[in-house]
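To start, the structure itself, in structure tokens.
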Amino acid sequence: MRTDNDIAAHARDRMPFANSVEGEQWQANWCARCLRDAPFRRMGKGSGCPLLLVALTNRTPAEWLDGPRDERGRYSLAEQYVCVEFRAPGDGGQSRPRPEPRGMDGLFPRPQRRIRTLVSPSEEVPASAT
């Protein structure tokens, strides 16, 4: 996850939720189950999720992508956004590549880590283009 300052610097200047009901419903679906924030919720250790802290300042984190909408633009309160930093229980937390077996070289060279894209595509790709 990026640093707190980097998250705040790249947040969008729009309120993530119209009212507290929207915010509570979304947090119950995402934040209440996320492993990243679990130590803070259970034992008060750590500083909590920096994405949620940015949202409490009425800014939308870049890591929250718009969730699915119907043909009229309506959405479920619990799926208003999709958090790309969400780690579900049983997900194992931070993903790690499997190490090479001892005494053996890898079959392919491992790619360098890159920064993930956190922005929704500007236009949809037609199904025939894939």
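If I filter the stretch 80-88 for residues that are basic (Lys, Arg) and touching a Leu at 6+ places or on another chain (Cβ under 9 Å), do I get at least one hit? Yes - at least one qualifying residue is present in the stretch 80-88. Would you point out which residue out of 67, 73, 44 is in contact with a strand residue (DSSP E or B) (Cβ under 7 Å, 6 or more places away or on another chain) and not hydrophobic (A, V, I, L, M, F, W, C)? Of the residues listed, the single one that is in contact with a strand residue (DSSP E or B) (Cβ under 7 Å, 6 or more places away or on another chain) and not hydrophobic (A, V, I, L, M, F, W, C) is 67.
Looking at the stretch 24-61, which of its residues are in a helix (DSSP H, G or I), touching a Pro at 6+ places or on another chain (Cβ under 7 Å) and modelled with pLDDT of 90 or more? Result: 51, 54, 55. Residues in the stretch 49-71 that are over 16 Å from residue 13 (Cβ atoms) and loosely packed, with under 12 Cβ neighbours inside 10 Å: 68, 70, 71. Go through the residues of the stretch 2-14 one by one and say whether even a single one is at pLDDT 90 or above, in contact with a helix residue (DSSP H, G or I) (Cβ under 9 Å, 6 or more places away or on another chain), buried (at least 18 other Cβ atoms within 10 Å of the Cβ) and assigned to a loop (DSSP other than H, G, I, E, B). Scanning the stretch 2-14 turns up at least one residue that is at pLDDT 90 or above, in contact with a helix residue (DSSP H, G or I) (Cβ under 9 Å, 6 or more places away or on another chain), buried (at least 18 other Cβ atoms within 10 Å of the Cβ) and assigned to a loop (DSSP other than H, G, I, E, B).
Residues in the stretch 59-69 include none that are closer than 16 Å to residue 24 by Cα and of a type in the set (A, V, I, L, M).
The values are calculated or read from the model by the stated rules, or taken from the named source; none is laboratory data. Since the structure is predicted, the reported quantities are computational estimates derived from the model, not experimental observations. Here Cβ is always computed from backbone atoms with ideal geometry, including for glycine, and neighbour counts include all displayed protein chains.
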